[in-house]
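**Q** One structure, pasted below without further comment.
The values are calculated or read from the model by the stated rules, or taken from the named source; none is laboratory data. All of these numbers come straight from a predicted model, not from anything done at the bench. Neighbour counts run over all protein chains shown; Cβ positions are idealised from the backbone, glycine included. Side chains are part of the model used for accessible areas, which takes the heavy atoms of the whole protein and leaves out ligands, DNA and RNA. Shrake-Rupley method; radii C 1.70, N 1.55, O 1.52, S 1.80 Å.
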Amino acid sequence: MSVNTHVANPPSYPATLRCIEKWFETDDCVSLMLASEESHQFDFKPGQFVTLGVNIGDSTEYRAYSISSLPGQSCLQLTVKRVEGGKVSNYIVDQLAVGNEVECLAPAGEFNNIDCLPRKLDGQNKVLLISAGCGITPVFAMAQAWLAEENGGNETDITFLHIARNIEQTIYFDKLETLAASHSNFNLQLLLKEARESDYPQGRLSAEWLETLVADFKQRTVYLCGPNQFMLDTASYLEQLGFDMSQFHQESFTPVQTEQTISAQEEGEQVRIELPSLGQSLEASRGALLADALEQGGVPIIIACRSGICGSCKCKVKVGQVESSSHSPLTEEEIAQGYVLACSSTLCDDVTIEI
Ligand code: FES
């Protein structure tokens, strides 16, 4: 996929990249610089993510991470935070070393500042970037991209609202303060759970805090990224406050698991999955996620974002039925041909799948 035609020599994907630099952003979060042997320049839309394949033990595990650097550079920067039980993220934080190689799939994702353009008011884009935790990475990339535009990025008025535990846990803290000091159109708002002696306010995000910290939020296009509950809460504060939700965009890396799925699985009815091209046949609970069933059966399928956005788990249902909650990276033609996303599809019936 090529998204920026001005980039001279983008890599072809999947690409083998080497970690050329790694440092701690906070005590549980690292940034990595990845580059190719051939010094390719990377081509993507600010806000997009890449799926990394990381060798852990005998297997290659895939996960999606947002890019926090700018397009057109010969390095790709990713920021990865430790998560409870997070096999790949924790491996990257603890063990991935400078010099190690990873596989990198093509940049993807609709949450970016080219597909989600801000509304122009009086000749100026006004945006509000809201994030918590590692959700800062794609919105930080968007902010940098706007600030790097012609005229010092003066066409975009940015309010950057980030929620963190404290200053020490604020990813990119120094860079954020530097941007705020050097750009009059970059207004930094931090809301901390433990402000201690810092100059930033202490609190938990609420509708009242939103109004207090960003008085003109209704004139802005909002871009939101963070943990799932944080995003649900923030979207509901905006709705309560009468925000025009046509100006709202959010990223979501949230594994799909519906209530219906759980109750069907509890009933324990079994369905069969035939995989003729692999000569395999599996059994799974009716209502189970197709991705889980394939993974448990050892089927070689890449399941990266588990959120119906990266497209890595695309497969074709040739016979039978699944119920899909997302088709977003698939084309209409692919949907008509029977392609589904395994991470977003539950088993209704016996099925025959082509990987
Ligand atoms: S794993 Fe990303 S769309 Fe399914």
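**Q** Going through 172, 200, 223, 237 one at a time, which residue ends up being aromatic (Phe, Trp, Tyr), at pLDDT 95 or above and on the phi > 0 side of the Ramachandran plot? Full working, then the answer.
**A** Values: 200 fails: on the phi > 0 side of the Ramachandran plot; 223 fails: on the phi > 0 side of the Ramachandran plot; 237 fails: on the phi > 0 side of the Ramachandran plot.
Checking each option against the conditions leaves just 172.
**Q** If you don't mind, there's one more thing I want to ask. Looking only at residues in the stretch 223-253 that are among the small types (Gly, Ala, Ser) and touching a residue at least 12 places away in the same chain (Cβ under 8 Å), which one is surrounded by the most Cβ atoms within 10 Å (Cβ to Cβ)?
**A** Restricting to residues being among the small types (Gly, Ala, Ser) and touching a residue at least 12 places away in the same chain (Cβ under 8 Å), the top hit is 226.
**Q** Moving to a separate point now. Among the residues of the stretch 283-296 satisfying the criterion of being of a type in the set (Asp, Glu) and open to solvent by 60 Å² or more (accessible area, probe 1.4 Å), which is farthest from the ligand (Cβ to nearest atom)?
**A** Restricting to residues being of a type in the set (Asp, Glu) and open to solvent by 60 Å² or more (accessible area, probe 1.4 Å), the top hit is 283.
**Q** List the pairs whose first member sits in the stretch 37-56 and is within 19 Å of residue 8 (Cβ to Cβ), whose second member is assigned to a strand (DSSP E or B) and open to solvent by 30 Å² or more (accessible area, probe 1.4 Å), and whose Cβ atoms are under 9 Å apart, counting only residues at least 6 apart or on separate chains?
**A** Matching pairs, first to second residue: 37/16; 37/18.
**Q** Surrounded by fewer than 17 Cβ atoms within 10 Å (Cβ to Cβ), out of contact with any strand residue (DSSP E or B) (no Cβ under 8 Å at 6 or more places or on another chain) and among the aliphatic types (A, V, I, L, M): which single residue out of 98, 83 fits that description?
**A** 83
**Q** Just wondering, is there one or more residues in the stretch 36-53 that are part of a helix (DSSP H, G or I), within 30 Å of residue 298 (Cβ to Cβ) and within 16 Å of the ligand (Cβ to nearest atom)?
**A** Checked the stretch 36-53: no residue is part of a helix (DSSP H, G or I), within 30 Å of residue 298 (Cβ to Cβ) and within 16 Å of the ligand (Cβ to nearest atom).
**Q** What number of residues within the stretch 100-148 are assigned to a strand (DSSP E or B) and touching a helix residue (DSSP H, G or I) at 6+ places or on another chain (Cβ under 7 Å)?
**A** Matching residues across the stretch 100-148 total 7.
**Q** Can you tell me which of 204, 220, 196 is charged (D, E, K, R) and either surrounded by 19 or more Cβ atoms within 10 Å (Cβ to Cβ) or touching a Lys or Arg at 6+ places or on another chain (Cβ under 6 Å) (or both)? Let's see the steps before the verdict.
**A** Working: 204 fails: either surrounded by 19 or more Cβ atoms within 10 Å (Cβ to Cβ) or touching a Lys or Arg at 6+ places or on another chain (Cβ under 6 Å) (or both); 196 fails: either surrounded by 19 or more Cβ atoms within 10 Å (Cβ to Cβ) or touching a Lys or Arg at 6+ places or on another chain (Cβ under 6 Å) (or both).
Exactly one residue qualifies, and that residue is 220.
**Q** Of all residues being more than 20 Å from the chain's Cα centre (by Cα) and among the small types (Gly, Ala, Ser) in the stretch 325-353, which is farthest from the ligand (Cβ to nearest atom)? Just the residue, please.
**A** Among them, the one singled out is 336.
**Q** Regarding residue 63, is this residue touching a residue at least 12 places away in the same chain (Cβ under 8 Å), open to solvent by 50 Å² or more (accessible area, probe 1.4 Å), basic (Lys, Arg) and closer than 30 Å to residue 218 by Cα?
**A** No; evaluated as a whole, the condition is false for this residue.
**Q** For the stretch 297-320, check the following and say yes or no: at least one residue is more than 15 Å from the ligand (Cβ to nearest atom), closer than 22 Å to residue 63 by Cα and not aromatic (Phe, Trp, Tyr).
**A** Yes: the stretch 297-320 contains one or more residues that are more than 15 Å from the ligand (Cβ to nearest atom), closer than 22 Å to residue 63 by Cα and not aromatic (Phe, Trp, Tyr).
**Q** What are the residues in the stretch 165-181 that are among the aliphatic types (A, V, I, L, M) and open to solvent by 80 Å² or more (accessible area, probe 1.4 Å), if any?
**A** 181
**Q** Looking for whichever is in contact with a strand residue (DSSP E or B) (Cβ under 8 Å, 6 or more places away or on another chain), in contact (Cβ under 8 Å) with a residue 12 or more places away in the chain, open to solvent by less than 20 Å² (accessible area, probe 1.4 Å) and in a strand (DSSP E or B) here; the options are 343, 315. Which one fits?
**A** From the options 343, 315, the qualifying one is 315.
**Q** Name the single residue that is farthest from residue 103 (Cα to Cα) among those in the stretch 5-59 being surrounded by 15 or more Cβ atoms within 10 Å (Cβ to Cβ) and among the polar types (S, T, N, Q).
**A** 26
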